[in-house]
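Have a look at the structure below, then the notes.
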Amino acid sequence: QVQLVESGGGLVQPGGSLRLSCAASGSIFSINTMAWYRQAPGKQRELVAAITTGSGTTHYADSVKGRFTISRDDAKNTADLEMNRLEPEDTAVYYCNAFVATMAAKSWNRELWGQGTLVTVSS
């Protein structure tokens, strides 16, 4: 069974930084796009940042451009989100998302979600 596990959330003051990590484990053949989403209380889940495999092309929501950086390590099956100059509006549960092909189904990219990690930006 393949799963995504996030870590690194917590409480931080405005202007501070946090680094979130996502690790994929299990019988993995390949991982395509990896991404971070977030969901604030009372709001819909939104895409924060995404990174493709191979070229490592990145995409960011306008609200986090210049402040957040997504990266991945394909050798370790991980994706990190470096968050700087955090604002109270960044408070949300952050979810890792990935399209993963397993050893049992190498031609099928299944979408997986992590359990989420809470980021609270408050003084």
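Table for the structure above
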| item | result |
| --- | --- |
| Pick from region 68-77, criterion touching a strand residue (DSSP E or B) at 6+ places or on another chain (Cβ under 9 Å) and surrounded by fewer than 18 Cβ atoms within 10 Å (Cβ to Cβ), ranking: nearest to THR57 (Cα to Cα) | SER71 |
| Region 37-50 residues that are open to solvent by 50 Å² or more (accessible area, probe 1.4 Å), paired with ones that are of a type in the set (S, T, N, Q) and not in a loop (DSSP other than H, G, I, E, B) (beta carbon under 7 Å, 6 or more apart) | TYR37/ASN97; ARG45/GLN39 |
| Region 44-77, residues that are part of a loop (DSSP other than H, G, I, E, B) and closer than 20 Å to GLY116 by Cβ | GLN44, ARG45, ALA61, SER63, VAL64, ASN77 |
| Candidate set from region 1-36 (those that are within 20 Å of ASP74 (Cα to Cα) and not in a strand (DSSP E or B)); member that is least open to solvent (accessible area, probe 1.4 Å) | VAL2 |
| The listed residue being in contact (Cβ under 8 Å) with a residue 24 or more places away in the chain and farther than 16 Å from GLY10 by Cα, out of THR33, THR58, THR53, THR117 | THR33 |
| Answer residue from region 51-66, given it is open to solvent by less than 70 Å² (accessible area, probe 1.4 Å) and hydroxyl-bearing (Ser, Thr, Tyr) and is farthest from VAL5 (Cα to Cα) among those | SER63 |
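The values are calculated or read from the model by the stated rules, or taken from the named source; none is laboratory data. Keep in mind that this is a model prediction, so the values were computed, not measured. Ideal geometry is used to build each Cβ from the backbone, glycine not excepted, and the neighbour counts take in all protein chains shown. All accessible areas refer to the heavy atoms of the entire protein, side chains included, with ligands and DNA or RNA removed. Shrake-Rupley method; radii C 1.70, N 1.55, O 1.52, S 1.80 Å.
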